[in-house]
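K.L.:
There's a structure below that I have some questions on.
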Amino acid sequence: MLPPTSDPDGIRRLKATRNRLRLSTRDVARLSRAIADKRNDPQYYISHTWVAELETGKFTPKLCKIESLSIIYRCRLEEILAMLGLDIDQASKAEGQGLVNLPHTALVVPPTPTSGETIARHVANRLDCCAMLIPFTFTAR
């Protein structure tokens, strides 16, 4: 996989890839239309203007369009993402490096109701008990 670079360098590499394949921005649009049609999803379509604006650094593309570029440019998705400055390998190692502390989770023990108690009542009692032990607050959006 290519190492991630700054945006201008990556964008130049992306444009160089298109030029190496001797594709115009209109060729990319035509090929992406075929991808969008096969997937029955217009989000995979890339207009020639979109390619030109990407190559001038005007915006960051959405994943569907990045996937279309990877197909058209015959690159792995990870390579296109690296050209745009996102290193997938580094992102997957983030948890191991302690960059993100995910909460500890545990499996729920299967319910074992006492005599005369329904499974639904047993689960409800367990949930009530757990709710008292775990602080919980609602926040407005």
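The values are calculated or read from the model by the stated rules, or taken from the named source; none is laboratory data. Note that the coordinates shown come from a computational prediction; the quantities given were computed from them, not determined experimentally. Virtual Cβ from ideal backbone geometry, glycine too; neighbours counted across all protein chains shown.
K.L.:
So which residues in the range 44-53 are at pLDDT 90 or above and surrounded by 13 or more Cβ atoms within 10 Å (Cβ to Cβ), if there are any at all?
P.N.:
Tyr45, Ile46, Ser47, His48, Trp50, Val51, Ala52, Glu53
K.L.:
Let me ask another. Please find, among Glu67, Glu78, the residue that is in contact with a helix residue (DSSP H, G or I) (Cβ under 7 Å, 6 or more places away or on another chain), modelled with pLDDT under 90 and not in a loop (DSSP other than H, G, I, E, B).
P.N.:
Residue meeting the stated conditions: Glu78.
K.L.:
Here's something else I'd like to know. Looking only at the range 10-41, how many residues end up being closer than 20 Å to Lys58 by Cβ and either surrounded by 18 or more Cβ atoms within 10 Å (Cβ to Cβ) or in contact (Cβ under 8 Å) with a residue 12 or more places away in the chain (or both)?
P.N.:
Final tally of qualifying residues: 14.
K.L.:
Does Thr60 meet the test of being assigned to a loop (DSSP other than H, G, I, E, B), surrounded by fewer than 13 Cβ atoms within 10 Å (Cβ to Cβ), at negative phi and not acidic (Asp, Glu)?
P.N.:
yes
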